[in-house]
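The values are calculated or read from the model by the stated rules, or taken from the named source; none is laboratory data. On a predicted model such as this, the values are computed, not experimentally measured, just so you know. Ideal geometry is used to build each Cβ from the backbone, glycine not excepted, and the neighbour counts take in all protein chains shown. When the accessible area is computed, the model is the full protein with side chains, heavy atoms only, and any ligands, DNA or RNA have been set aside. Shrake-Rupley method; radii C 1.70, N 1.55, O 1.52, S 1.80 Å.
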Amino acid sequence: MGLDLSFIHSVDTQNMWDLLLNFPDQWKDAMNLSEDIELTVDQSAVRNICFVGMGGSALGADLLRAYCYHCCPYPIQVVRHYEIPGWVGEDTLVIGCSFSGKTEETLTALTSARERGAQVIGITSGGNLMLKAASENFDYVKIPSGMTPRAALGYIFLPLFYIFRQFGFVDEGEEALEETYQLMLQENEQLSNRDDNEALDLATQLQDTLPIIYSDATIMEPVNLRWREQFQESAKTLAYGNTLPEMTHNEIVGWDRIAHLTGRLSLILLVDNKDHERVKKRMAIVEEMVEGQTASLHVLGTRGESRLARMFSLIQLADWTSFYLAMLSNTDPTPVTKIDLLKSKLAET
Ligand SMILES: O=P(O)(O)OC[C@H]1O[C@H](O)[C@H](O)[C@@H](O)[C@@H]1O
């Protein structure tokens, strides 16, 4: 591709660049891998579903929960903690996702779930989660290792999607998976190009500002979270977000007192043409109300037809935008030094 990355100097960008470029391949590979998942769990005993995971691994679960909002017959909760809710029991399916298989919150929650008699499935590339599944004899899906967890979203999300598909909990199939793949291929052409690159333009305008991201609370909620997490982990910049309609009942008032921050905030509105009609109206009013109070305002729409493609179209834009934002400040998007430091300090205690 013709992208001139000469504005990047000493940072090691190749790894994340390759991972982004190869994401459509990852999607295809994860589809193939997920087709062969064989489970021993007894679906007829399941009455509720609890995902446990942290960070990028929890995001895959969140995407599925939001995606299934209207089509899964059972309640779903995504738990990002050591402790599981009181209702988890023998009629619960607990799916534990940990890319590394080493995350202590996830492993602790899974141990409690097993003690409660829940049926458990693990999704992991290895680590203690894989050892635990093998020794305690519960189902697990082994995904490839060798990348940072947030770059493995295809490998994390698709096994979950296929498991739900086996159970009959999703209402889109092969066509949506293929549409998402084709859309990602097309978009990658543009998002990795030197000229006329939406992600690079957006990152340029977001430089040195605090991005605030608003969206509808349904399928866009985890997409909104992905934007924030990618800004935080890849671009090493704070980012903040909220969803509608809730923010129109409280947070909107908070804009009254930020005149001194004008020029420091960028507003990103994530919109989907299937957002609730009243939410669309609320969003337009919010936009009108805060206009002029931000350094820049960006309305970003989903692309594609299926829910899956629409969700992933804006995830792909988030991933590339955060990559370029890192580049523009000469930052390596891959390492997360503060998280590593935090974990090593925790290990000493
Ligand atoms: O998916 P796991 O290996 O359990 O990791 C969960 C999270 O752990 C760390 O804090 C990483 O820096 C995050 O990027 C990751 O998403």
Restricting the first residue to the stretch 79-101 and requiring it to be more than 17 Å from R65 (Cα to Cα) and away from the ligand (no atom under 15 Å from the Cβ), which pairs with a second residue that is open to solvent by 70 Å² or more (accessible area, probe 1.4 Å) and at pLDDT below 95 meet a Cβ separation below 7 Å and a spacing of at least six or different chains? none
Output for the stretch 123-153, where each listed residue is among the β-branched types (V, I, T) and either away from the ligand (no atom under 13 Å from the Cβ) or in a loop (DSSP other than H, G, I, E, B) (or both): V141, I143, T148
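Do the conditions hold for R194, that is, is it without any contact (Cβ under 8 Å) to a residue 40 or more places away in the chain and either of a type in the set (K, R) or open to solvent by less than 10 Å² (accessible area, probe 1.4 Å) (or both)? Give the derivation first.
Numbers: without any contact (Cβ under 8 Å) to a residue 40 or more places away in the chain: no; either of a type in the set (K, R) or open to solvent by less than 10 Å² (accessible area, probe 1.4 Å) (or both): yes.
Spelling it out, it is not the case that R194 is without any contact (Cβ under 8 Å) to a residue 40 or more places away in the chain and either of a type in the set (K, R) or open to solvent by less than 10 Å² (accessible area, probe 1.4 Å) (or both).
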Taking the residues in the stretch 165-193 that are aromatic (F, W, Y) and outside any loop (DSSP other than H, G, I, E, B) as candidates, determine which candidate is nearest to E305 (Cα to Cα). Y181
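Looking at this structure, is Y240 among the hydroxyl-bearing types (S, T, Y), out of contact with any Ser or Thr (no Cβ under 6 Å at 6 or more places or on another chain) and surrounded by 18 or more Cβ atoms within 10 Å (Cβ to Cβ)?
Working: among the hydroxyl-bearing types (S, T, Y): yes; out of contact with any Ser or Thr (no Cβ under 6 Å at 6 or more places or on another chain): yes; surrounded by 18 or more Cβ atoms within 10 Å (Cβ to Cβ): no.
The answer is no for Y240.
Somewhere in the stretch 214-222, is a residue among the small types (G, A, S) and within 20 Å of the chain's Cα centre (by Cα)?
Our first condition is that a residue be among the small types (G, A, S); within the stretch 214-222, this holds for 215, 217.
Then keep just the ones that are within 20 Å of the chain's Cα centre (by Cα); that gives 215, 217.
Among the residues of the stretch 214-222, at least one is among the small types (G, A, S) and within 20 Å of the chain's Cα centre (by Cα), which makes the answer yes.
Taking the residues in the stretch 154-177 that are more than 16 Å from the ligand (Cβ to nearest atom) and among the aromatic types (F, W, Y) as candidates, determine which candidate is farthest from the chain's Cα centre (by Cα).
First, pick out the residues of the stretch 154-177 that are more than 16 Å from the ligand (Cβ to nearest atom): 161-177.
Narrowing further to those that are among the aromatic types (F, W, Y): 161-162, 164, 167, 169.
On the way: F161: 14, Y162: 17, F164: 18, F167: 23, F169: 20 Å.
Looking at residues that are more than 16 Å from the ligand (Cβ to nearest atom) and among the aromatic types (F, W, Y), I get F167.
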Counting just the residues of the stretch 12-69 that are hydroxyl-bearing (S, T, Y) and open to solvent by 10 Å² or more (accessible area, probe 1.4 Å), which one comes out farthest from the ligand (Cβ to nearest atom)? S44
Check the stretch 327-349 and report whether any residue there is away from the ligand (no atom under 16 Å from the Cβ), in a helix (DSSP H, G or I) and farther than 25 Å from Q207 by Cα. yes
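Any residue at all in the stretch 214-234 that's touching a helix residue (DSSP H, G or I) at 6+ places or on another chain (Cβ under 8 Å), closer than 10 Å to S322 by Cβ and either modelled with pLDDT under 95 or in a loop (DSSP other than H, G, I, E, B) (or both)?
Yes: one or more hits.
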Condition met for K274 (modelled with pLDDT of 95 or more and assigned to a helix (DSSP H, G or I)): no
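Quick check on this structure: which one of E287, E305 is modelled with pLDDT of 95 or more, surrounded by fewer than 22 Cβ atoms within 10 Å (Cβ to Cβ), more than 16 Å from the ligand (Cβ to nearest atom) and assigned to a loop (DSSP other than H, G, I, E, B)?
Residue meeting the stated conditions: E305.
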